[in-house]
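The values are calculated or read from the model by the stated rules, or taken from the named source; none is laboratory data. Keep in mind it's a predicted model, so treat the numbers as computed, not measured. Please note: Cβ atoms are built from the backbone with ideal geometry, for glycine as well, and neighbour counts cover all protein chains shown.
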Amino acid sequence: MEHLKKLIREVRDFPKPGINFYDITTLLQDADGLKQTIDGMIEKFKDERIDTVIGIESRGFIFAVPLAYHLGAGFVPVRKPNKLPSNKISASYDLEYGQDTLEMHEDAVGSGHRVLIIDDLLATGGTAKAVTELVEQVGGDIVGLGFLVELTFLNGREKLNGYDVHSFLKYDD
């Protein structure tokens, strides 16, 4: 899938000076690129017997829903605070400039469910680690984590030691 990098727009100095932002909207608007991305994710996880695919707000939803559909699994959104209407659990994680929190319905994942966590980007790993905590809090078994893009120079994978982590496109700087 490395050839898909040419469909991702790099925006320098966004959202602040010194940051290079990898804009996946240009990949998503390309019909063939989108199809290849979803098909590649399906191929990677098709033999894993997944019960639930979790999508992390918001771009993780883009990939998690079609993946869940093709894998014959349910979809669960993990969202920022105050977006879910029923009883929920939460996990906080550190950001460069403070803290943030994610929430999941407390009944979204059953004990022993085989769970795949999907997001668009693995950067520092804090968001993904918080989601692993939510899943494990309710007794789910994490089969793996999948990301479209990984910024390897931020070492986010280190926070996910012990989990099967797969990223489809890697950027080294």
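Below is a table of values for the structure above.
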item	result
The listed residue being on the phi > 0 side of the Ramachandran plot and touching a Ser or Thr at 6+ places or on another chain (Cβ under 8 Å), out of 139, 125	139
Residue match in segment 139-153 (condition: within 16 Å of residue 57 (Cα to Cα), outside any strand (DSSP E or B) and among the polar types (S, T, N, Q))	no
2 or more residues basic (Lys, Arg): qualifying helices (runs of 4 or more DSSP H) within segment 1-80	31-45
Criterion (outside any strand (DSSP E or B) and in contact (Cβ under 8 Å) with a residue 12 or more places away in the chain) met by exactly one of 101, 132	132
Odd one out for residue 76 among (1) surrounded by fewer than 19 Cβ atoms within 10 Å (Cβ to Cβ); (2) without any contact (Cβ under 8 Å) to a residue 40 or more places away in the chain; (3) among the aliphatic types (A, V, I, L, M); (4) closer than 17 Å to residue 130 by Cβ	(1)
Residue within segment 103-118 that is among the acidic types (Asp, Glu), under 18 Å from residue 135 (Cβ atoms) and either out of contact with any strand residue (DSSP E or B) (no Cβ under 6 Å at 6 or more places or on another chain) or at pLDDT below 95 (or both) present	yes
Qualifying residues in segment 37-64 (those that are farther than 14 Å from residue 119 by Cα and free of Cβ contacts under 8 Å to residues at least 24 places away in the same chain) - the one surrounded by the most Cβ atoms within 10 Å (Cβ to Cβ)	39
Single residue of 54, 89 found to be under 19 Å from residue 133 (Cβ atoms), touching an Asp or Glu at 6+ places or on another chain (Cβ under 6 Å) and at pLDDT 95 or above	89
From the options 98, 146, 110, 139, residue that is under 17 Å from the mean Cα position of the chain (by Cα) and not acidic (Asp, Glu)	146
